[in-house]
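One structure, pasted below without further comment.
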Amino acid sequence: MEAKLIFDPENYKVETMELDGNRLVYRAYEDLSYAAKPVDPRYQKMNIFVPETYFEGGRIHGYDRDTAPVFLSNTVGGYMPGEPARPERDSTGKPNAVFMALLHGYVVAAPGARGRGLQDEEGLFTGCAPACIVDLKAAVRYLKYHAEQIPGNMSRIISNGTSAGGALSSLLGVTGNHPDYETCLAEIGAAPAGDDIFAASCYCPITNLDHADMAYEWEFSGLDEYHRMNFERDETTGEVKMTPETGLMTPEQIALSRELKEMFPAYLNSLQLKEEDGRPLMLNKDGEGTFQEYIKRQVIASIEKALESGADLSAYGWIDSREGKVREIDFQEYIAYRTRMKTTPAFDDIVLKTPENELFGDAYTASRHFTQFSLSHSSAAGKMAEEDQIKRMNPMNYIGDGKCSTAPYFRIRHGADDRDTSLAVSAMLTAALRGHGVEVDYHLPWGFAHAGDYDLPELFHWIDDICKPGE
Ligand code: DHB
């Protein structure tokens, strides 16, 4: 075996951390290289953390050194490179998911991954798709390869991620062991083991990128005003300044929006999605139908849950509710309440300026198109990404593919205030997975926009449920 892939059980530090009155003692195995031939060693490595009590024969929540589930937490955001996480406070000041997962008794595996914008010394781009998913798969392979030495149950790997990281979590969950990734895995020297996982937790997955533009306009077309936050980093202080921006789409963008909206029903109908009771989820040419009703029901469930916990939603005129039950919502008003965030096209921009354009670059090209629509409307003389590059970034292409070992359990959360991508994206993923026998816990939590890890006790409850400790 390549020296770089070794796991040395004796090479650890014992650390103690106390956050908000919770004291954690754990073993930290850090900077483990999961690729024998790394392209960027800063990101292609992983940290593993194990509750110290497991080495003293102790148990937490019924788990022990061998049965503890492995919480595989990625830090990818914006499809940028992500470094391996550690237990610490998150950006909101709360103990992060790594800390809380350890406290709950999980073994935590925190891989880094390459992402868009990375360049080598020669200036070649090294983090374009599918680098990020290939790296996470290599991390899973490393864990499984060393299943005997690394504490935790490698048949119970649960991946977790938010946004782009949520998209990667869904890809990990769907595409386990699929040969499409084999060449790339071999190139970086991944360990000879499987990369299938047990479950995927996906917060607001920014996925199905090659159809996300139409999905976005299916929801937001007609709202020509956009509201977004611009982030600017002060290079000297490192502080990130946020400035809100409101603007009006150009007549050209408005025209593109209408075209994209009209394209969505044909795509949606081609998926042949079904309700759990077998009824087809469809849209007519105006974008109305059972699929819209399906999402509307999720929103109603979200509102009812908020009402149940005492929220006062009487200010929202588009909600008609009595005694905790919603009688009707005005779906268009609900979308207007969320507001449009992105201009058209939201993902494959005709000026090649989105994170996703950069994701689909190649070694020599910073940004490319990934839809025929935007290629044909390109105002930047953009080139098209390769078909197999686009294919490997979309879990929808692999659901039901017999060559995948797909995780039997998914948990998908998409905030009811989210506007980074259409709610249709997570709804299609959910329905497609359920259609292929995957158990999906799906909810649109009220009051949340584009965020993740906000309901860790519930997430851990779900994990404990599917892992059934003690049985
Ligand atoms: C993320 C957010 C986006 O709006 C997007 O287009 C891609 C990624 C993110 O937060 O990861």
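Once phi is turned into θ = phi - 60°, what whole-Hz ³J(HN,Hα) does the Karplus curve with 6.51, -1.76 and 1.60 give for every residue of region 247-254, x standing for Gly and Pro?
Taking θ as phi minus 60°, the curve returns x, 10, 5, 6, x, 5, 5, 5 Hz for region 247-254.
Here's something else I'd like to know. Run the quick spin-label model on Ala28 and Met229: label points 7 Å from Cα toward the beta carbon, then report their separation in nm to one decimal.
2.8
Arrange the following residues from fewest to most other Cβ atoms within 10 Å of their Cβ: Leu168, Leu143, Leu185.
Working: Leu168 32, Leu143 28, Leu185 19.
With the sparsest Cβ surroundings first, the list reads Leu185, Leu143, Leu168.
OK, next. Using only the alpha-carbon atoms, how far is helix 209-220 inclined from the longest principal axis of the chain? Give it as 0 to 90 degrees, nearest 10.
Roughly 40 degrees, rounded to the nearest 10.
Continuing with this model, one more query. When a/c reaches 1.5 or more, the comparison of a/b and b/c decides; with that in mind, is region 228-303 rounded, prolate or oblate per its Cα gyration tensor? Please list the in-between numbers first.
Numbers: a/c = 3.21, a/b = 1.86, b/c = 1.72.
Taking the square roots of the gyration eigenvalues as a ≥ b ≥ c, region 228-303 is prolate.
State, as an integer percentage, the relative contact order of the chain based on alpha-carbon contacts under 8 Å between residues 6 or more apart.
Relative contact order here is 16 percent.
Using amide H atoms built 1.01 Å from N in the peptide plane, name the residues 5+ places from Tyr442, or on other chains, whose amide H lies under 5 Å from its own.
Ile412
Is the shape of region 175-250 rounded, prolate or oblate, going by the alpha carbon gyration tensor and its root eigenvalues a ≥ b ≥ c, with a/c under 1.5 for rounded and a/b larger than b/c for prolate?
Working: a/c = 3.07, a/b = 1.63, b/c = 1.89.
The shape class here is oblate.
While we're here: Report, by chain and number, residues whose modeled amide H sits under 5 Å from the one on Gly361, excluding near sequence neighbours (fewer than 5 apart, same chain).
Here the answer is Ala129, Arg368, since their amide H atoms fall under 5 Å of that of Gly361.
Follow-up. At what distance in angstrom do the alpha carbon centres of region 84-152 and region 224-278 lie from each other?
Using only Cα atoms, the two centres lie 28 Å from each other.
Quick one: 3J(HN,Hα) in Hz for region 189-194, Karplus 6.51/-1.76/1.60 with θ = phi - 60°, rounded, Gly and Pro as x.
Using θ = phi - 60°, the values come out as x, 5, 5, x, 7, x Hz.
Let me ask you something else. What value, in deg cm²/dmol to 500, does the helix sum -39500 (n - 2.57) over DSSP H runs of n ≥ 4 give at 222 nm once divided by the residues of the chain?
Numbers: 13 runs with 140 residues, N = 471.
Rounded to the nearest 500, the figure is -9000 deg cm²/dmol.
By how many degrees, 0 to 90 and rounded to 10, does the Cα axis of helix 131-145 deviate from the longest principal axis of the chain?
Result, in degrees: 30.
How would you classify region 347-451 from its alpha-carbon gyration tensor, with a ≥ b ≥ c the square roots of the eigenvalues: rounded for a/c under 1.5, else prolate if a/b is greater than b/c, otherwise oblate? Could the numbers behind the result be given before it?
Values: a/c = 2.80, a/b = 1.50, b/c = 1.87.
Oblate, since a/c reaches 1.5 and b/c is not below a/b.
On a 0 to 90° scale, report how tilted helix 456-467 is relative to the longest principal axis of the chain, with both axes built from alpha carbons and the result rounded to the nearest 10.
70
In the chain, what % of DSSP beta bridges are antiparallel (nearest 5)?
Values: 37 of 61 bridges.
Here the antiparallel bridges make up roughly 60 percent for the chain.
Once you place label points 7 Å from the Cα toward the Cβ at Asp455 and Glu386, how far apart are they in nm?
Taking the two extended label points, one gets 4.0 nm.
Same structure again: Given Lys13/Lys45; Lys261/Lys353; Lys274/Lys342; Lys261/Lys325; Lys353/Lys383, which pairs have Cα atoms separated by over 25 Å?
Values: Lys13/Lys45 17 Å; Lys261/Lys353 21 Å; Lys274/Lys342 29 Å; Lys261/Lys325 32 Å; Lys353/Lys383 13 Å.
In this structure, Lys274/Lys342; Lys261/Lys325 exceed 25 Å between Cα atoms.
Values in this text are rule-based calculations from the coordinates and carry no lab data. All of these numbers come straight from a predicted model, not from anything done at the bench. Glycine gets a Cβ as well: all are built from the backbone with ideal geometry, and neighbour counts include every protein chain shown.
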